[in-house]
Amino acid sequence: MKNLLLPLLFAIYSLSSAQSFSVAVPRVETPPTIDGELNDPCWNKAVRIQLSNLLGKTGEPSQKTEVLLAHNDASLFIAFICYEERVKEIIANQKQRDLDVWRDDCVEIFLSPHPPDYFHFIVNPIGTQQEEINRDAKWNAAWEAKTKILHDRWQVEIAIPFSSIPLPKNITSEWRANFCREERPNDELSSWTS
């Protein structure tokens, strides 16, 4: 997992001890409208990262995935742009929240503001959400995700309010994180870090 920095300076670091990456997540004054469009001005200020690690296979992912990150005092904002040359073959069968969304094409977010505990958020191309805390699927958080499927990609826009996740009083502005994509047409799992 990689690292992330918060309020005034919010940074995300990789979860992986083998790979050490970090990014400073910029603070934005005006939050995005969570509608899957990605046309809000705040996304122009967001830090962009690529999911360049292909897990379980050699080489680079065949389908590019970009992750955009920003925050304000209340929430962490995350957008995924999942390019797909076979967009008609994406799998998005799960329509019930918290029920094996990971079996579909999906994006995953792992946040660990106080290791070893972590929060896991999943969204498929039709906007079905799933979340866990330390593999406990009974945990539910109030977060928002909207998706849009286009001719050459699908994208998701996410807001995770800091108030929706249990954070200790002594939380730092440096978080560990990873971002992943399950891409079913080519059977690929890509991530920010391995």
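The values are calculated or read from the model by the stated rules, or taken from the named source; none is laboratory data. All of these numbers come straight from a predicted model, not from anything done at the bench. Here the Cβ positions follow ideal geometry from the backbone for every residue, glycine too, while neighbour counts run over all protein chains shown. Please note that ligands, DNA and RNA were not included when accessible areas were found on the heavy atoms of the full protein model with its side chains. Shrake-Rupley method; radii C 1.70, N 1.55, O 1.52, S 1.80 Å.
Quick one: in the stretch 53-81, of everything that is part of a loop (DSSP other than H, G, I, E, B) and aliphatic (A, V, I, L, M), which residue is nearest to Asp104 (Cα to Cα)?
Leu55
Just to be sure I understand, how many residues within the stretch 150-168 are part of a loop (DSSP other than H, G, I, E, B), of a type outside the set (A, V, I, L, M, F, W, C) and in contact with a strand residue (DSSP E or B) (Cβ under 7 Å, 6 or more places away or on another chain)?
1
Is there any pair with a first residue in the stretch 135-155 that is β-branched (Val, Ile, Thr) and a second that is open to solvent by less than 40 Å² (accessible area, probe 1.4 Å) and part of a strand (DSSP E or B) whose Cβ atoms are under 7 Å apart and which are 6 or more apart or on different chains, and what are they?
Thr147/Val123; Thr147/Trp154; Thr147/Gln155; Thr147/Val156
Please enumerate the residues belonging to the stretch 108-128 that are open to solvent by 40 Å² or more (accessible area, probe 1.4 Å) and under 21 Å from Ile90 (Cβ atoms).
Passing the criteria: only Ile126.
Residues of the stretch 18-61 being free of Cβ contacts under 8 Å to residues at least 12 places away in the same chain, open to solvent by less than 70 Å² (accessible area, probe 1.4 Å) and farther than 21 Å from Arg184 by Cα, which ones?
Asp40
Looking at the stretch 82-99 only, could you name the residues that are touching a Lys or Arg at 6+ places or on another chain (Cβ under 6 Å) and either surrounded by fewer than 17 Cβ atoms within 10 Å (Cβ to Cβ) or part of a loop (DSSP other than H, G, I, E, B) (or both)? First the steps, then the outcome.
Residues of the stretch 82-99 touching a Lys or Arg at 6+ places or on another chain (Cβ under 6 Å): 82-84, 91.
Correct list: Glu84, Ile91.
Answer yes or no as to whether Arg153 is crowded, with 18+ Cβ neighbours inside 10 Å, modelled with pLDDT of 95 or more and basic (Lys, Arg).
yes
Considering only the stretch 31-66, state which residues are farther than 26 Å from Ile149 by Cβ and of a type in the set (Ser, Thr, Tyr).
Thr58
Would you mind finding the one in Thr172, Thr147 that is open to solvent by 30 Å² or more (accessible area, probe 1.4 Å), in contact with a strand residue (DSSP E or B) (Cβ under 9 Å, 6 or more places away or on another chain), of a type in the set (S, T, N, Q) and part of a strand (DSSP E or B)?
None of the other options fit; the residue is Thr147.
Looking at Leu189 and the list (1) surrounded by fewer than 21 Cβ atoms within 10 Å (Cβ to Cβ); (2) of a type outside the set (Lys, Arg); (3) out of contact with any Gly (no Cβ under 7 Å at 6 or more places or on another chain), which single condition is not satisfied?
In the conditions (1) surrounded by fewer than 21 Cβ atoms within 10 Å (Cβ to Cβ); (2) of a type outside the set (Lys, Arg); (3) out of contact with any Gly (no Cβ under 7 Å at 6 or more places or on another chain), Leu189 misses (3) alone.
Okay, residues lined up against (1) among the charged types (D, E, K, R); (2) under 21 Å from Pro31 (Cα atoms); (3) modelled with pLDDT under 95:
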| site | (1), (2), (3) |
| --- | --- |
| Phe77 | no, yes, no |
| Cys82 | no, no, no |
| Val87 | no, no, no |
| Asn93 | no, no, no |
| Arg97 | yes, no, yes |
| Val101 | no, no, no |
| Arg135 | yes, no, yes |
| Ala141 | no, yes, yes |
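Inside the stretch 1-52, can you point out the residues that are at pLDDT 85 or above, more than 15 Å from the chain's Cα centre (by Cα) and either assigned to a loop (DSSP other than H, G, I, E, B) or farther than 18 Å from Ala159 by Cα (or both)? Break it down into steps so the answer makes sense when it comes.
Taking the stretch 1-52 first, the residues at pLDDT 85 or above are 23-52.
After this cut, where a residue has to be more than 15 Å from the chain's Cα centre (by Cα) as well, the list is 24, 26-33, 35, 37, 39-42, 44-45.
Residues satisfying the conditions are Pro26, Val28, Glu29, Thr30, Pro31, Pro32, Thr33, Asp35, Glu37, Asn39, Asp40, Pro41.
Here is a list: Ala137, Ala141. Which entry is of a type in the set (Gly, Ala, Ser), farther than 20 Å from Ile81 by Cβ and open to solvent by less than 30 Å² (accessible area, probe 1.4 Å)?
Testing whether each residue is of a type in the set (Gly, Ala, Ser), farther than 20 Å from Ile81 by Cβ and open to solvent by less than 30 Å² (accessible area, probe 1.4 Å) leaves just Ala141.
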